[in-house]
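A.B. asks: One structure coming up, written as structure tokens, with questions to follow.
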Amino acid sequence: MAEPRKPRVIKTRPGISETPADESDSSSAAVRSTSSKVSVAPLTDVPDEKPAGRKFSVPRPGATRIKEKTEPKQKKAGAKAALAQTDAPVKESRDGGATVLAFPMPEHKRRRRNILYSVAGVAAVLALVMGMAMFSPVLGVRTVAFDGQKLVGEGTLQLAVAPLINKPLPQIRESEVQELLGTVVQVKSSSIEARPPSTLVVHIVERVPVALLKNGEDYLLVDQDGVQLGSTKDPASASLPLIDGGTAAIGQDTFQAMTAVLANLPQSILSQLANATAKSPDAVELALADGRSVVWGNASDMELKAQVLEALLTAPMPTAEPGKPTPVPAKVFDVSAPRHPVTR
């Protein structure tokens, strides 16, 4: 008789059993009989499974070495691609690597650099042009014209500024012209005007003679500062008031007071004056050609005094009233207090 076969035990894994979920807990601890020959029991020591859906590969011999060799090449390729996008200069090394030499300049710095280069270029061009103009013979002075002179002759002025001929216009300074004209006493001040390519215009401000200073047999034309502008033998040749005292009076307080008054008189009054005298700087008197006199006083309020005096001299003669004597014309005009003038 044949020997009976031993029953085979089949172990199951959690989640594979076909037992319904509500009966799994009660049947997990005991062996469930499926037939008379086969019994099924769950596994007790089964390690946790990996999450479903993930793939795991078993490392093969030599895989680590292949990864180590390919990883540097991938990094180098990525570095080259990044540098190609930024346009940075790259130098290849002997082992095939890349070394960055410089990074691209930011946009605002590039614009600022371009602006600085442009400004420097314009400045250089202007400097070159100015340098050529300063020393170019094309702008040399050929003609000097004068404006405003009445007392001094053209020849005297041209002789004084002769050193300016052929000198470039940009090099001529106003102080230089004033120094050259300083030898001409009639010139009080001057200013210049350049008219390219070769003309220099000099505007003259002359000294104005205000009186004739009797000096022996001669009569000197003097201005407010006492500068001698000329001389004459005939005082009638110049319609100017006469001051006596000679050259010794120049610079004294009384002389300066008289000339200051004469310099501020309008031409309508100045043309009627015969002479001017002063006992002190506060007692200036003027004598008119028709015999009348003016008490001027000091040199204060000269504009107001001149207006009041002009109004008194041009006032109509007083008329006689019926039954009264004819009024006597005024011979003396006192404007030393211009707000309260007195005539007598």
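A.B. asks: Per-residue HN-Hα couplings for region 114-125, Karplus 6.51 cos²θ - 1.76 cosθ + 1.60 at θ = phi - 60°, whole Hz, x for Gly and Pro?
C.D. replies: 5, 5, 4, 4, 5, 5, 5, x, 5, 4, 5, 5
A.B. asks: Let me ask another. Would you please give the residues with an amide H less than 5 Å from that of residue 224, counting only those at least 5 places away or on a separate chain, with H modeled from the backbone geometry?
C.D. replies: Here the answer is 208, 210, since their amide H atoms fall under 5 Å of that of residue 224.
A.B. asks: Hey, could you get me the Stokes-Einstein D for region 260-338, Kirkwood radius over alpha-carbon pairs, 37 °C and 0.692 mPa s, rounded to whole µm² s⁻¹?
C.D. replies: It diffuses with D of about 244 µm²/s by this estimate.
A.B. asks: Take peptides 142-154, 201-213 and line them up by average Cβ neighbours within 10 Å, highest first, as a rough protection proxy.
C.D. replies: Packing proxy ranking, top to bottom: 201-213, 142-154.
A.B. asks: Taking Cα centroids, how far is region 178-249 from region 278-344 in Å?
C.D. replies: With region 178-249 and region 278-344 each reduced to a Cα centre, they are spaced 30 Å.
A.B. asks: Can you work out the FRET efficiency for the pair residue 125 and residue 178, with r the C-beta to C-beta distance and R0 = 25 Å, to the nearest 0.05?
C.D. replies: 0.15
A.B. asks: Quick one: of 150/214; 305/331; 150/188, which pairs are farther than 19 Å apart, Cα to Cα?
C.D. replies: Pairs exceeding 19 Å: 150/214.
A.B. asks: Give me a comma-separated list of calculated 3J(HN,Hα) values for region 138-144, in order, Karplus coefficients 6.51, -1.76, 1.60 applied at θ = phi - 60°, integers in Hz, x for any Gly or Pro.
C.D. replies: 5, 9, x, 6, 10, 9, 10
A.B. asks: Show the residues, 5+ positions off or on another chain, whose built amide H is closer than 5 Å to the amide H of residue 297.
C.D. replies: Residues meeting the amide H criterion: 284.
Quick note: the coordinates plus some simple rules give every number you see, no bench work behind them. Computed from a prediction, not measured in an experiment: that's the story for all the values here. All Cβ positions, glycine included, derive from the backbone under ideal geometry; neighbour counts span all protein chains shown.
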